[in-house]
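Encoded as C-alpha cells, the structure appears first; notes follow it.
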Amino acid sequence: MRSIESTGRSIDEAIFHGLQQLEISIDGVEIEILQQESKGILGIGARPAKVRLTEREPEEVVMPDYLKEPPRPNRDRPRRERSDRPRRERGDRNEREARMEREAQLERESRGERPSRRERERKPERPEKPAIPYSLEAAQDNPGAIFLQGLIQHMGVEGRVLAYVEEEGIRLCVDTPTMGVLIGHRGETLDAMQYLTSLAVNRNRKEDGYTRVTLDTEGYREKREETLARLARKIAGQVKASGRPRELEPMNPYERRVLHASLQNNPYVTTHSEGEEPNRRVVISPKPREARKEQRPSKEKQQQRLVEEVETVEIIRPAADEALQEQE
C-alpha cells in the first residue's frame, strides 16, 4: 500500500500532483490534509498546501445472506463411480450427436419444416464490435484534436491525440500512459474534457452546423457500458425476486441512458430517474402483473398464429407439388 506526500499552491493542485505520481484515479486513494496554503503578508511567511495520499486496499465484496445458496442436505447417497470409459470415446459420442443434429436440421429444412424449440431458443453469438481506426493524420488539421492537445499539455499530462472523422461527428482518443488522471472518478474528468472540446469545436455552429465530439482513452467508454449493463441485469434480477424497487447511486446523464437502454425490453422491471442534478439517480421497479401479461402473447393468440402457419403450409405445398410435376 503506497503513500506519498505532495505539495502545491492549493489543496487541489497538491492532490493533482500526487495522483500523477501514483498514476491512479482519485477514487483509489485516501486524502489527508497536512497543511493549508497560506499567502502570508506581502509574500512573507507564505506556505504551500501539503497533503498525504494513501492508496486504498481493494474492497472485499460481501454477498448478502439472502443471495447466498442454502446448504444442500446430505442424504448419504453412495457416490456414483466414475465411468471407466476413456475420454476419447466420450468426445466421439459428442461429435456423433452434433453430426446427427446437423443432419436432422438439414433434413427439416429440405422438407420445409420449422426448426425445433431448442434451435429457436439458441442465442446467436454476439458479433465483436469493429475497432475504431484512430490515426495521427486525421488529427493534424482537426480543430478538436488541436484544442485537446493543448488542454492535456496545460494539465501536465504527456500524450498524443488521435482522431477519426465520421458522418456523425469526431471521435478523439488520448494515447497516454497516465490514463487514470484523465478518466477521473467514474469518468468525470473525461466527461469535462469532452464538454470543453465540444464547446471549442462548435463555437461557430450557427454557420457551420453542430458537430458531435466523443472523447475516449484506452476503450474506457465501451468497458464502462459493459459494466453498467451487467449491473443493470443483476439489479433487475434482484428486483424481480424481491418485488421491491431499488435505487442506484447518482450517475451522470450518459450512464443513466445506458441503464435505461439495457432494461428497456425487460418484461419484469421498469426504470425511471429521480432527483436533481448532480444527485439524480435511476430507480428500478417491478412491473405490475397486468403489464407483464400485456407483453406476453395469450394462448388464443398463440393458437391463432399456429393456425395461420398451418394454413400457409397447406397453401404452399400444393403449389410446390405442381411445380415438381411440371419439371418431371
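Starting from residues that are touching a Pro at 6+ places or on another chain (Cβ under 9 Å) and within 25 Å of His154 (Cβ to Cβ), keep the ones in segment 14-56 and report whichever is surrounded by the fewest Cβ atoms within 10 Å (Cβ to Cβ). Full working, then the answer.
Initially, segment 14-56 is screened for residues touching a Pro at 6+ places or on another chain (Cβ under 9 Å), giving 14, 23, 35, 37-38.
This time we only want the ones that are within 25 Å of His154 (Cβ to Cβ), so: 14, 23, 37.
Values: Ala14: 25, Glu23: 11, Glu37: 16.
Among residues in segment 14-56 that are touching a Pro at 6+ places or on another chain (Cβ under 9 Å) and within 25 Å of His154 (Cβ to Cβ), the one surrounded by the fewest Cβ atoms within 10 Å (Cβ to Cβ) is Glu23.
Within segment 164-197, how many residues turn out to be on the phi < 0 side of the Ramachandran plot and in a helix (DSSP H, G or I)? Residues that pass the stated criteria total 16.
Residue-wise test of (1) under 20 Å from the mean Cα position of the chain (by Cα); (2) free of Cβ contacts under 8 Å to residues at least 24 places away in the same chain; (3) assigned to a helix (DSSP H, G or I).
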| position | (1), (2), (3) |
| --- | --- |
| Leu199 | no, yes, yes |
| Lys240 | no, no, yes |
| Val258 | yes, no, yes |
| Asn266 | yes, no, no |
| Pro278 | no, no, no |
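Can you tell me how many residues in segment 203-230 are within 14 Å of Leu148 (Cβ to Cβ) and over 24 Å from the mean Cα position of the chain (by Cα)?
Quick first cut of segment 203-230, residues within 14 Å of Leu148 (Cβ to Cβ) only: 211, 213-217.
Filter once more, so that each one left must be over 24 Å from the mean Cα position of the chain (by Cα): 211.
The number of residues fulfilling the criteria is 1.
For segment 178-193, taking the residues that are touching a strand residue (DSSP E or B) at 6+ places or on another chain (Cβ under 9 Å) and crowded, with 20+ Cβ neighbours inside 10 Å, the one that is nearest to Gly150 (Cα to Cα) is identified as Met193.
Being closer than 30 Å to Tyr220 by Cα and either at pLDDT below 90 or not basic (Lys, Arg) (or both) is true of Ile235. So, Glu137, is that one among the charged types (D, E, K, R) and in a loop (DSSP other than H, G, I, E, B) or not? The answer is yes for Glu137. Residues being in contact with a Lys or Arg (Cβ under 9 Å, 6 or more places away or on another chain) and part of a helix (DSSP H, G or I) are entirely absent from segment 210-219.
Would a scan of segment 135-152 turn up a residue that is of a type in the set (D, E, K, R), crowded, with 16+ Cβ neighbours inside 10 Å and either touching a Lys or Arg at 6+ places or on another chain (Cβ under 6 Å) or at negative phi (or both)?
Filtering segment 135-152 down to residues of a type in the set (D, E, K, R) leaves 137, 141.
Adding the requirement that they be crowded, with 16+ Cβ neighbours inside 10 Å leaves none.
No, because not a single residue in segment 135-152 is of a type in the set (D, E, K, R), crowded, with 16+ Cβ neighbours inside 10 Å and either touching a Lys or Arg at 6+ places or on another chain (Cβ under 6 Å) or at negative phi (or both).
Within segment 4-13, can you find the residues that are in contact (Cβ under 8 Å) with a residue 24 or more places away in the chain and either surrounded by 16 or more Cβ atoms within 10 Å (Cβ to Cβ) or not β-branched (Val, Ile, Thr) (or both)?
Quick first cut of segment 4-13, residues in contact (Cβ under 8 Å) with a residue 24 or more places away in the chain only: 4-11, 13.
Scanning segment 4-13 gives Glu5, Ser6, Thr7, Gly8, Arg9, Ser10, Ile11, Glu13.
Surrounded by fewer than 17 Cβ atoms within 10 Å (Cβ to Cβ), over 30 Å from Ile284 (Cα atoms) and not hydrophobic (A, V, I, L, M, F, W, C) - does that describe any residue in segment 124-132? Yes: one or more hits.
Inspect all residues belonging to segment 283-306 and state whether any of them is closer than 30 Å to Gly184 by Cα and modelled with pLDDT of 80 or more. Yes, there is a match, as at least one residue in segment 283-306 is closer than 30 Å to Gly184 by Cα and modelled with pLDDT of 80 or more. May I ask you to list the residues in segment 153-171 that are surrounded by fewer than 17 Cβ atoms within 10 Å (Cβ to Cβ) and of a type in the set (A, V, I, L, M)? If the condition is that a residue be surrounded by fewer than 17 Cβ atoms within 10 Å (Cβ to Cβ) and of a type in the set (A, V, I, L, M), then Met155, Val157, Val165 are the ones that fit. Within segment 23-43, the set of residues being over 14 Å from His185 (Cβ atoms) and in contact with a helix residue (DSSP H, G or I) (Cβ under 8 Å, 6 or more places away or on another chain) comprises Glu23, Ile33, Gln36, Glu37.
The values are calculated or read from the model by the stated rules, or taken from the named source; none is laboratory data. Please read all numbers here as calculations on a predicted model, not as lab measurements. Here the Cβ is made from the backbone with ideal geometry for all residues, glycine too, and neighbour counts use every protein chain on show.
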